[in-house]
Amino acid sequence: MEAFVSFQAIPSVSRLPKFSFLKSTPGISSLSLPSHSSSPFAIRAQQMESKDGSATVTPISEDSESENSLEIKEWEVGMFQNEVAASQGIRIRRRPPTGAPLHYVGPFEFRLQNEGNTPRNILEEIVWHKDTEVSQLKERKPLSALKKAMENAPPARDFVGALKAAHLRTGLPALIAEVKKASPSRGVIRENFDPVEIARAYEKGGAACLSVLADEKYFQGSFENIEAIRNAGVKCPLLCKEFIIDAWQIYYARTKGADAILLIAAVLPDLDIKYMTKICKLLGLAALVEVHDEREMDRVLGIEGIELIGINNRNLETFEVDTSNTKRLLEGKRGDLIHERGIIVVGESGLFTPDDIAYVQEAGVKVLVGESIVKQEDPGKGIAKLFGKDISL
């Protein structure tokens, strides 16, 4: 494959392959490493799945609950993580498969870019950055510090209950209004961005819950925005909208006052989703599991205990939007299974008008994410325009 070369004068750095190993902790799986002749798929997570394939959390005593529940499951081992994900159809690689080859000419360093160390799309770029970011955050805020902070965190509120109540009140899909300043595809969406004032306007306008962007680099959000909105007395339950790749982020979001977490099937293998939804239930959080295509939907429907499934009409690799994606994923047996299990379907992206809402509502959507209304000067009026009627309390 042809390589691309970047040329810059920077200090020489060496990088070793990254490996992560599990501690011998009750309730957390151990790993068997393959021999040199073994396939990468010889890695196996022991004691994490029961005979029926569902994830398990070992019961623990009250005295050891905090310590053990704060342990983070790391069931993949460094260089084999991408292979495990790929076996489930996940195209987004968690981290670069290879480092950047280094070549030197005098004081200059050449970095050769190739498929092994260059993100293939924006989602992969975000995930690679998030992997580095979370590793640094975990060093600065270890689990012991989160354990102490969670003792003072406000109690989690009923995110799912709020959605159901709003749907019953209006007869329309409940609204998760988005507190978002920017996005990679559209740049800055709202210049005069005050997250607390926007959140209050959403609540007054009839939003059931709020989705608050926590990613800083690509969406100009923060966990501090979640904390500020919660501390301001906004009663709407809060969804932490972040690219979750590590259970540590779930605990961190809980310390900031989040009531729900977004899990993206395009990024997370099945066992991670199973494990993280268990952690959410342990902490009293709702888990919104997001899918984009038929294969991801089938994977998520194969996991027990799922209450919320979000269908994103935006392709996170190309950022193109197709609202017919929602109807396609809810047709036939998939829709029947969702109905039988009482799973709430959330429509995401590309929903801007009452006609858009009617379209997805007919397909079976009971909740939608309102991302367009943040651009409105008055978000409350934006909600009324989106629904074609006033749904304020």
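The values are calculated or read from the model by the stated rules, or taken from the named source; none is laboratory data. This one's a predicted model, so the numbers in the text were calculated from it and none came from an experiment. In this analysis, Cβ positions are derived from the backbone assuming ideal geometry, glycine residues included, and neighbour counts consider all displayed protein chains. Side chains are part of the model used for accessible areas, which takes the heavy atoms of the whole protein and leaves out ligands, DNA and RNA. Shrake-Rupley method; radii C 1.70, N 1.55, O 1.52, S 1.80 Å.
I need the shape label for segment 237-393. Rule: rounded when a/c is under 1.5, else prolate if a/b > b/c, else oblate, with a, b, c from the alpha carbon gyration tensor. Oblate shape, in that a/c is at least 1.5 and b/c is the bigger or equal ratio. Here the Karplus curve 6.51 cos²θ - 1.76 cosθ + 1.60, taken at θ = phi - 60°, turns the phi angles of segment 291-304 into couplings of 10, 10, 8, 4, 5, 5, 4, 5, 4, 5, 5, x, 9, 6 Hz, with x standing for Gly and Pro. Here segment 339-390 is treated with +1 on each Lys and Arg Cβ and -1 on each Asp and Glu Cβ, and its dipole about the Cα centre works out to around 100 debye. Between the listed residues Pro155, Ser211, Ile122, the Cα displaced farthest toward the positive end of the dipole of segment 107-214, a dipole computed from Cβ unit charges relative to the Cα centre, is found at Pro155.
Under a Cβ-Cβ cut-off of 10 Å, what is the net charge of the residues other than Ile176 that fall near it, where Lys and Arg count +1 and Asp and Glu count -1?
Values: positive: Lys241; negative: Glu178, Glu348, Glu371.
Here the charged neighbours net out to -2.
Charge dipole (Cα centre; +1 on Lys/Arg Cβ, -1 on Asp/Glu Cβ; no other charges) of segment 291-378 amounts to roughly 240 debye.
Of the accessible area of segment 234-391, computed with a 1.4 Å probe over protein heavy atoms only, carbon and sulfur atoms account for 46 percent. What you get for segment 172-266, charging only the Cβ of Lys and Arg (+1) and of Asp and Glu (-1), is a dipole of about 180 debye around the Cα centre. Take segment 188-231 with all the other protein chains still there, run a 1.4 Å probe, and you get 41 Å² of accessible area per residue.
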